[in-house]
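Presented below is the structure to which this report refers.
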Amino acid sequence: MDLSVNILVIGRHPQILETVLRLINTQQAWKATGALTDNEAVEKFERDNFDLVLIGGGVEEESEKSFKNEFEKINPQIKVIRHYGGGSGLLFNEIQEALTRISVDQWKGAVKI
């Protein structure tokens with residue numbers, strides 16, 4: 001059973017996307033897949049089971065809104081975060097914070113008081 005956290009990374013710049021994917025994939029428990037276009041992102045999201053979506057620089061605000069609407073129809077619990085750059089430390093912290101929120105949300109949903 002694969003216990004990796006699956007992350008869809010959406011970006012517009014191939015070299016930057018490649019770097020972000022490489023950084024994320026250095027983490028043993030994380031598995032990142034990239035998409036450069038809106039259509040590619042939606043196709044991959046519909047096909048694969050992602051735990052988190054990371055939107056990189058260059059993605060237009062209109063596309064980001066569209067992603068959130070489309071992805072939440074498929075998975076209402078999906079977390080979509082923005083990454084503007086700032087180095088691997090910031091990237092890892094943003095992902096870890098989002099994953100912590102996912103865990104807390106799932107825990108709250110499991111406990112009925």
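Yes or no: the range 21-35 includes at least one residue that is in contact with a strand residue (DSSP E or B) (Cβ under 9 Å, 6 or more places away or on another chain), over 17 Å from residue 68 (Cβ atoms) and among the hydroxyl-bearing types (Ser, Thr, Tyr). Yes; the residues of the range 21-35 include at least one that is in contact with a strand residue (DSSP E or B) (Cβ under 9 Å, 6 or more places away or on another chain), over 17 Å from residue 68 (Cβ atoms) and among the hydroxyl-bearing types (Ser, Thr, Tyr). Filtered by the rule that a residue be over 18 Å from residue 60 (Cα atoms), among the charged types (D, E, K, R) and free of Cβ contacts under 8 Å to residues at least 12 places away in the same chain, the range 3-42 gives a lone residue, 22.
Within the option set 7, 78, 16, being within 23 Å of residue 100 (Cβ to Cβ), out of contact with any Ser or Thr (no Cβ under 8 Å at 6 or more places or on another chain) and surrounded by 14 or more Cβ atoms within 10 Å (Cβ to Cβ) holds for one residue only, 78.
Scanning the range 42-63 for residues that are among the acidic types (Asp, Glu) and under 17 Å from residue 77 (Cα atoms), we see that the one that is nearest to the chain's Cα centre (by Cα) is 51. Residues that are on the phi > 0 side of the Ramachandran plot and either under 15 Å from the mean Cα position of the chain (by Cα) or at pLDDT 85 or above (or both) within the range 66-96 comprise just one, 85. Of the candidates 102, 16, the single residue that is out of contact with any strand residue (DSSP E or B) (no Cβ under 6 Å at 6 or more places or on another chain) and assigned to a helix (DSSP H, G or I) is 16.
The residue that is nearest to residue 99 (Cα to Cα), counting only those in the range 49-71 that are in a helix (DSSP H, G or I) and hydrophobic (A, V, I, L, M, F, W, C), is 71.
Residue 34 meets the conditions (1) assigned to a loop (DSSP other than H, G, I, E, B); (2) at pLDDT 90 or above in every case but one. The failed one is (1). The test for being at pLDDT 95 or above and in contact with an Asp or Glu (Cβ under 8 Å, 6 or more places away or on another chain) does not hold for residue 99.
The values are calculated or read from the model by the stated rules, or taken from the named source; none is laboratory data. Please read these numbers as outputs of a predicted model, since none were measured by experiment. No Cβ is skipped: glycine too gets one built from the backbone with ideal geometry, and neighbour counts run over all protein chains shown.
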